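The structure appears below as structure tokens.
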Amino acid sequence: IEQLESALGNPDALIRIAALRQLRSLPPELRMRLPGARLLNDSVRGVRIEAASTYAGMSDLLPIEEARAWSRAEDEFRKAYGSLANRPEALAALATFELDEQNIAEAVSLYEQALRIEPHAVAARVNLADVLRRLGEEGRAEELLREGLALDPVNAALHHALGLSLVRSGEPEAALVELRQAAEFAPDNARHAYVLGIALNSVGKQTEALQVLHDAQNRFDGNLDISMALATLLRDSGDREAALDIAYTLARRHPEDQNVLALLRSLGAIP
């Protein structure tokens with residue numbers, strides 16, 4: 001956090017922009033505690049535009065002066081990306097902005113426009129499918145993802161998204177096929193391995209789930225989600241010692257994490 005705070009004040013505009021992008025990955029309450037909102041008044045237009053995106057959907061939480069600055073930066077953002085309306089990546093970025101601002105219909109329209117220009121635009125397709133899911137249109141979302149896979153059969157992101165859609169539709173075996181494909185086509189993606197392990201365990205394939213998570217832990221040492229899932233499965237399978245070994249390692253790395261502390265309590269390691 002201290003490094004991020006320092007980067008937000010760096011004299012290099014490119015570093016400030018990179019810091020704002022990193023800031024977007026943080027929860028809103030933490031985002032508000034860091035001094036990123038002051039960059040809405042930055043002297044560099046590109047930084048202001050990035051700050052507008054970072055605080056989209058949060059302007060009502062900003063102090064009065066920074067809220068006014070956000071309104072100006074928002075206008076700059078819309079003009080900048082609107083001028084690139086023939087480029088699918090610009091349309092997708094504008095759609096995500098509208099989504100953050102709760103302009104759902106506009107976001108859907110922009111994602112659809114991006115896909116008309118470039119049907120292979122995977123991020124736009126996955127994001128649009130997610131919006132449709134939120135609108136209760138799971139069938140349409142699934143159709144959209146299958147259309148993408150017809151164009152790009154080995155795309156891990158599309159297989160992963162389709163797998164999650166099938167889970168929600170109550171088709172766990174079909175979902176596992178897609179989630180396995182995602183993990184196979186993107187072996188460097190920790191999230192895909194984690195979700196596959198959880199999905200396998202949820203349908204009673206505990207042995208395979210443990211193997212997937214063991215392999216993932218070896219490849220992604222330090223990944224909190226994978227280690228927590230593996231330790232939990234080991235505990236539930238009766239291998240307390242192996243679970244404790246992972247839990248103690250997690251406690252050293254994340255001493256204040258409440259989930260880690262809860263795991264230790266469930267293993268009887270702390271009162």
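The values are calculated or read from the model by the stated rules, or taken from the named source; none is laboratory data. Note that the structure is predicted; figures quoted are calculated from it, not measured. Neighbour counts are summed over all protein chains in view; Cβ atoms, including those assigned to glycine, are modelled from backbone coordinates with ideal geometry. Side chains are part of the model used for accessible areas, which takes the heavy atoms of the whole protein and leaves out ligands, DNA and RNA. Shrake-Rupley method; radii C 1.70, N 1.55, O 1.52, S 1.80 Å.
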Just give me the residues in segment 153-212 being β-branched (V, I, T) and either out of contact with any Phe, Trp or Tyr (no Cβ under 7 Å at 6 or more places or on another chain) or free of Cβ contacts under 8 Å to residues at least 12 places away in the same chain (or both), in sequence order.
V167, V177, V195, I198, V203, T207, V212
What number of residues in segment 119-129 are open to solvent by 50 Å² or more (accessible area, probe 1.4 Å) and part of a helix (DSSP H, G or I)?
2
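Taking G57, is it touching an Asp or Glu at 6+ places or on another chain (Cβ under 8 Å), open to solvent by 10 Å² or more (accessible area, probe 1.4 Å) and at pLDDT below 95?
Working: touching an Asp or Glu at 6+ places or on another chain (Cβ under 8 Å): yes; open to solvent by 10 Å² or more (accessible area, probe 1.4 Å): yes; at pLDDT below 95: yes.
Spelling it out, G57 is indeed touching an Asp or Glu at 6+ places or on another chain (Cβ under 8 Å), open to solvent by 10 Å² or more (accessible area, probe 1.4 Å) and at pLDDT below 95.
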Could you check segment 130-215 for helices (runs of 4 or more DSSP H) lying wholly inside it with 2 or more residues that are under 18 Å from the mean Cα position of the chain (by Cα), farther than 26 Å from I104 by Cβ and charged (D, E, K, R)?
none
Determine the pairs where a residue that is under 13 Å from A93 (Cα atoms), located within segment 115-131, has a partner that is open to solvent by 20 Å² or more (accessible area, probe 1.4 Å) and among the hydroxyl-bearing types (S, T, Y) with Cβ atoms under 7 Å apart, the partner being 6 or more residues away or on another chain.
N127/T96
Scanning for something at pLDDT below 95, more than 22 Å from R265 (Cα to Cα) and open to solvent by 30 Å² or more (accessible area, probe 1.4 Å), does segment 221-238 turn up at least one residue?
yes
Would you pick out the residues in segment 167-211 that are in contact with a helix residue (DSSP H, G or I) (Cβ under 8 Å, 6 or more places away or on another chain), surrounded by fewer than 21 Cβ atoms within 10 Å (Cβ to Cβ) and within 23 Å of E137 (Cβ to Cβ)?
V167, R168, S169, P172, A174, V177
So, restricting to helices (runs of 4 or more DSSP H) that lie completely within segment 1-65, which ones have at least 2 residues that are closer than 24 Å to Q102 by Cα and touching a Lys or Arg at 6+ places or on another chain (Cβ under 7 Å)?
45-54
Assess whether L40 counts as being more than 30 Å from A129 (Cβ to Cβ), among the aliphatic types (A, V, I, L, M) and surrounded by 13 or more Cβ atoms within 10 Å (Cβ to Cβ).
yes
Identify the residue in segment 85-102 that is open to solvent by 60 Å² or more (accessible area, probe 1.4 Å) and either farther than 15 Å from T54 by Cα or hydroxyl-bearing (S, T, Y) (or both) and, among all such residues, is nearest to the chain's Cα centre (by Cα).
E89
(1) over 30 Å from N127 (Cβ atoms); (2) open to solvent by 40 Å² or more (accessible area, probe 1.4 Å); (3) part of a helix (DSSP H, G or I) all hold for L250 apart from (2)
Could you check, for segment 110-117, whether at least one of its residues is open to solvent by 40 Å² or more (accessible area, probe 1.4 Å), assigned to a helix (DSSP H, G or I), modelled with pLDDT of 95 or more and among the hydrophobic types (A, V, I, L, M, F, W, C)?
yes
